[in-house]
Amino acid sequence: QVQIAESGGGLVQAGDSLRLSCAASGGNVKYYHMAWFRQAPGKEREFVAAVRWNGRSTDQADSGKGRFTIYRDNAKNAIYMKKLSLKTEDTAVYYCAVGRQTGSLRTNSYLYWGQGTQVTVSS
């Protein structure tokens, strides 16, 4: 059973940078797509960014374009998301997801999910 663990969240100020990490254990996820979703208080979980298993293709929601960069390290069974110029509206619990679905990476059709890491951006 693959287990997912996120880290790197915290309390930061608007304009700061942060790097989230997601590590998979209990199995090799080299051939799995990996993604970040987030859920803000009172809102539904939404797609943030994803990277395909080979690392050559990524997808990203408009909210993070130009500010967030997603990348993976298959040797470490991990993905990362570097976030620049954080805004208060980026405040949310960020979840890492792993899956092997075909087609869009923006759906919730991932097999494994982490417990989430809280990111709070103050003004």
Antiparallel %, DSSP beta bridges [both residues in the range 1-90], to 5: 100 percent
Nonlocal amide H pairs with T91, under 5 Å, H built at 1.01 Å: V121
11 Å beta-carbon shell around Y31, net charge (K/R +1, D/E -1): +3
Fraction of accessible area attributable to carbon and sulfur, the chain (%, probe 1.4 Å): 44 percent
Around D90: net Lys/Arg minus Asp/Glu count, Cβ-Cβ under 14 Å: +4
Cα pair distances exceeding 16 angstrom across the range 1-49, given as percent: 57 percent
Furthest towards positive pole of dipole, A35, Q115, G55, structure part the chain, Cβ charges: G55
Size of electric dipole in the chain: Cβ of Lys, Arg +1 and of Asp, Glu -1, about Cα centre, debye, nearest 20: 360 debye
Residues whose placed amide H lies under 5 Å from that of A49, excluding near-sequence neighbours: W36, A61
Value of relative contact order over the chain, rounded to a whole percent, pairs C-alpha under 8 Å and six or more apart: 36 percent
Positive minus negative residues near S57 (Lys, Arg vs Asp, Glu; Cβ under 14 Å): +3
The chain - Kirkwood radius from inverse mean 1/r over Cα pairs (Å): 14.2 Å
In sequence order, calculated HN-Hα J values of the range 54-59 (Karplus, 6.51, -1.76, 1.60; Hz; x Gly/Pro): 8, x, 8, 9, 10, 9
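The values are calculated or read from the model by the stated rules, or taken from the named source; none is laboratory data. Remember, it's a predicted structure, so these values are computed and weren't measured experimentally. Note: ideal-geometry Cβ built from the backbone for every residue, glycine included; neighbour counts use all protein chains shown. Please note that ligands, DNA and RNA were not included when accessible areas were found on the heavy atoms of the full protein model with its side chains. Shrake-Rupley method; radii C 1.70, N 1.55, O 1.52, S 1.80 Å.
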